[in-house]
Every structure is written in C-alpha cells, then in structure tokens.
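Trainee: Below is the structure I would like to discuss, written out as structure tokens.
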Amino acid sequence: MITMDGTLYNTEINDVTQWCNDFYDKKFAKYFTKSRELYKRLNSNTRPISDSELNYILIDLPITLFDVSEVLSQTRVSLEVIKLRAKEQATELMKGIDAKTLTEKKDSVAVQMVDANLLIMSYESVISRVESEIKFSQELIMGAKKVWDSRRKTESANPVGLIDSISTKQSINNLPDYKTPIFGSEV
C-alpha cells in the first residue's frame, strides 16, 4: 500500500517552503503587514476602527498596491528569465544525451532539470500568494469604504457638534426689522 504522508520528501518540502517564505518576506511582506493588522481592527468587536485607520486604508493602501505591482512585475520578469534559461538548458542537455528513444531523452532531461523546475514552481507560488494578498487588500478597501460611508451618513443625519456662531449671527442680522405696536395708539 502506498503512503501519501510525504515523509520521504519532508526535507525538500520544508526547504522549498522556507525559500518561498523568505523570498516573500524579503520582497513583499512589508507591503501587507499593516493591512492585515487593520483587517483585524476592522473586525474588532471591542474597539471600533478609527477614522484615521480608515483613512489609511482608503488613501494610503491603494498607493501601496501600486508599489507592490511594480515589485510583482519585476518578479514576473525574473520568472520568465528563469523559464527561458531552463528551456535553453534542457535543449542543450537533450543534445548531449545518448538514448535510444526520445522518451528516454526527455526523462533523462527531466531528472536533470528538477532544481530549475523547483525554482520555477517556487516563484509561481510566491506570485500567487502576492496576487491573493492584493485581492485581500482590495476587499479590505471596499469594506473600509462601506464603514466610512455609513459613518458619514450617520453624522449627516444626526449632526453633533458646536453651533457655528458666525453663521448664526449672520442669519440674525438678515432678519427684517420688526415694529412693535404701541398699545393704545394706532400706528
């Protein structure tokens, strides 16, 4: 019976996972740390999210996503370079292999290209993770916008604050003169 627990490959799995996490932390984690914290604040039942935190989500986070997109684009370029070089390497290996059939040649090349394929898969994994974080941040922005809008609607329906004394004085000055009747005389 075959076991599917992966214990045979634990070391490689851990190494690849560690590499992916290190690469993500080095290039992308700084962009998403604050948005994850603010998501927790948005869902907090004990202390509601502040207007300044909502302001960060609505104004600063979209700008941060542009920075992420630039780094993600560079990472995609790196991945494409790796893929092209791996293909070139596979072609060179194919030429140098003496085998009876094309299938034997391809199998031999595949075995020799394991490291390159692991690197490609690792880059694709990190890119997928970053794309998920971008989607998460976009959803966070939309959720924050709903909270912001509902707070503004509540404030406009139920205004709380000081009365503007300047506008009150101006409206008093705009009142017409009122003549009081003198009792007993006809005016």
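Trainee: Considering the Cα trace of the stretch 10-161, what is its radius of gyration and what is Dmax, both in angstroms?
Mentor: Gyration radius and largest Cα-Cα distance of the stretch 10-161: 23.5, 88 Å.
Trainee: Pop out the ³J(HN,Hα) list for the stretch 125-139 in order, Karplus 6.51 cos²θ - 1.76 cosθ + 1.60 with θ = phi - 60°, rounded to Hz; leave Gly and Pro as x.
Mentor: 5, 5, 4, 4, 5, 5, 4, 5, 5, 5, 4, 4, 5, 5, 5
Trainee: Using Cβ counts within 10 Å as a stand-in for footprinting exposure, how do 13, 134 rank, fewest first? Spell out each step's value before the answer.
Mentor: Details: 13 12, 134 18.
Fewest-to-most Cβ neighbours within 10 Å comes out as 13, 134.
Trainee: Taking 0.36 nm per residue of separation and subtracting the Cα-Cα distance, what length does fully extending residue 182 through residue 99 add?
Mentor: Stretched fully, the residue 182-residue 99 segment lengthens by 17.5 nm.
Trainee: Moving to a separate point now. Hey, fewest Cβ within 10 Å first, where do 147, 81, 130 land in order? Provide the component values of the computation, followed by the final result.
Mentor: Numbers: 147 17, 81 10, 130 22.
Lowest to highest Cβ neighbour count: 81, 147, 130.
Trainee: Still on this model: Please list the non-local residues whose amide H lies under 5 Å from the amide H of residue 49, H modeled 1.01 Å from N, same-chain partners needing a gap of 5 or more.
Mentor: Those lying under 5 Å, H to H, from residue 49: there are none.
Trainee: Here's something else I'd like to know. In whole angstrom, note down how far apart the Cα centers of the stretch 67-116 and the stretch 123-155 are.
Mentor: Result: 36 Å between the Cα centres.
Trainee: Given a Förster radius of 35 Å and the C-beta distance between residue 152 and residue 67 as r, what FRET efficiency does 1/(1 + (r/R0)^6) yield to the nearest 0.05?
Mentor: 0.80
Trainee: Also, quick follow-up: How big is D for the stretch 26-77, in µm² s⁻¹ as a whole number, if Stokes-Einstein is applied with the Kirkwood radius of its Cα pairs at 4 °C and 1.567 mPa s? Don't skip to the answer; put the middle values down first.
Mentor: Values: Rh = 12.1 Å.
The calculation lands on 107 µm²/s.
Here, each number is a calculation from the coordinates, and none is a lab measurement. Everything numeric in this text was worked out from a predicted model, so none of it was measured. When we count neighbours, we look across all protein chains shown, and the Cβ atoms used for this are built from the backbone with ideal geometry, even at glycine.
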